[in-house]
Amino acid sequence: MRVLHCITGLGFGGAQVMLFRYLKGLGEARSNHEVVSLLPPAHFSHEIENLGVRVTSAELPQGKFNLKGLKKIRSHIKDFSPDVIHGWMYHGNFAASVANFGLGSSKRMVWSVHHSLHDIKAESRSTQMLIKLSAPMTRRLGAVTYCSKQSQMQHEAFGFSPDKSVLIPNGTNMEEYHARPAARSFLCSLGGIPESRFLIGNINRNHPMKDQLTLVKAAKQLIDRGRDIHLIFVGEGHEGGEAAQAAAAFGMQDRFTIIPARNDIPEIVPGLDVFVLSSAWGEAFSLATGEAMASEVPAVVTDVGDSAWLAGDTGAVVPPSNPDALADGIDQIIALPEPERKALGQRARARIDEKFSLDRYIKAHDDLYHRVAESSQ
């Protein structure tokens, strides 16, 4: 089974992480897979190449298509002759289908959607247009996969073919993410944080849809309530950002730490007492939440995308953009006796293992690829 993956770009992001995890988890079978990125090489280009998987770039400009880039993708399809072409993200999906036109059945095409569509007006004009163009095209595909139930329902309501829908939630590597006794000391040493404090973490890049400002406001409330907490952000772009400015304005500098993006997240996240996903919109299926839960860290999440389904009864779910509710949700976890909090974390890991493991993710794609390849003959 030869599979060509066509993805918008290979910088940091949920879809990119899942493509890398999927290829890594395939073992020797990944020798039958290749990757085309629309954008120039970025972080995961090198990570995937280090797995022994060929990566090619179409060198397209951000958010735009041109004939030269599409011809490059088309040439790659001809040379590789894949059984299945798997598009990743809106631009990757569209480019893969256009490049494949006349070369093989559109039924060998799989599109994957990694974005929720709460309000299309929140997207850029070019992305809005691309979504509108994409909807009727889905009727001719082999399948459209969604990483979240909410995303599937939203896109089907917008005209994406329900007959082609396949739900494959994001998967977490249970061997990589697990409890680590030394994680707390390691995390505190990174940030110069007293180990006596209750550690609240958000592991995400700085982006308006992540709404980290609401988390800072909630943390300020908890401090005012007398809770001995410390807020930790791990990810790109937080230095000097809106949330960091708010923390300074609130006088929280000694209880707020920023750690730039790192590659050793599996050794950091188990050191948290609670993980918080504060997203206001755009979230489909949070990788960071699944990783925290697999690491036996209870999660407090906003009810965006599939976050409530992911957390289940192993954490707290609150409405988005509501600092009061978020503070109360975190306080529920803080108030638990340590044995109960530990048991909650263990239940969280069991939930990820049962429903959202990487092994399940890999098998679901293998089954789908075989079904699509057979139907395109």
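The values are calculated or read from the model by the stated rules, or taken from the named source; none is laboratory data. Values in this document were obtained by computation on a predicted structure and should not be read as measured data. All Cβ positions, glycine included, derive from the backbone under ideal geometry; neighbour counts span all protein chains shown. These area figures cover heavy atoms from the full protein model, side chains too; ligands, DNA and RNA do not enter into them. Shrake-Rupley method; radii C 1.70, N 1.55, O 1.52, S 1.80 Å.
Counting only Cβ charges, +1 for Lys and Arg and -1 for Asp and Glu, the dipole size of the range 84-144 around its Cα centre is about 200 debye. If the viscosity is 1.306 mPa s and the temperature 10 °C, what Stokes-Einstein diffusion coefficient in µm²/s follows for the range 1-158 when Rh is the Kirkwood radius over Cα pairs? My calculation gives 101 µm²/s for D.
Only alpha carbons enter this Debye calculation for the range 87-230, each as an equal point scatterer, and the log10 of I(q)/I(0) it gives at q = 0.10, 0.13, 0.14, 0.16 Å⁻¹ is -0.56, -0.77, -0.82, -0.92. Solvent exposure of the range 275-356, expressed per residue, is 34 Å² of accessible area, with all protein chains present and a 1.4 angstrom probe. Which lysines, if any, have their Cα less than 30 Å from the Cα of K24, not counting same-chain residues under 8 positions apart? Partners within reach: K64, K71, K72, K78, K107, K149, K164, K210, K355, K363.
For T56, the shell of other residues with beta-carbons less than 14 Å away shows a net charge of +2, using +1 for Lys and Arg and -1 for Asp and Glu.
The C-alpha atoms of the chain occupy a region whose extents along the principal axes are 66, 41, 34 Å, arranged from largest to smallest.
Please say if the range 249-347 is rounded, prolate or oblate, where rounded means a/c under 1.5 for a ≥ b ≥ c the square roots of the C-alpha gyration tensor eigenvalues, and otherwise the choice is prolate for a/b larger than b/c and oblate otherwise? Taking the square roots of the gyration eigenvalues as a ≥ b ≥ c, the range 249-347 is rounded. Sparsely packed loop sites in the range 116-193 (the GluC sites (Glu not before Pro) outside DSSP H, G, I, E and B with at most 12 other Cβ atoms within 10 Å) comprise E175. Projecting the Cα atoms of T127, L51, G9 onto the charge dipole of the range 1-133 (Cβ charges, centred on the Cα centre) puts T127 farthest toward the positive pole.
The angle between the Cα long axis of helix 358-375 and the longest principal axis of the Cα atoms of the chain comes to about 20 degrees, rounded to the nearest 10. Taken per residue, the accessible surface of the range 39-153 reaches 48 Å², heavy atoms only and a 1.4 Å probe.
Relative to the dominant Cα principal axis of the chain, helix 212-224 is inclined by about 10°. In this label model, L133 and K121 are separated by 2.4 nm, measuring between points 7 Å along each Cα→Cβ vector.
Given the rule -39500 (n - 2.57) for each run of at least 4 DSSP H residues, summed and divided by the residues of the chain, what is its mean residue ellipticity at 222 nm, to the nearest 500 deg cm²/dmol?
Helix-only estimate at 222 nm: -13000 deg cm²/dmol.
If packing is taken as the mean number of other Cβ atoms within 10 Å per residue, what is the order of 73-81, 258-266, highest first?
73-81, 258-266
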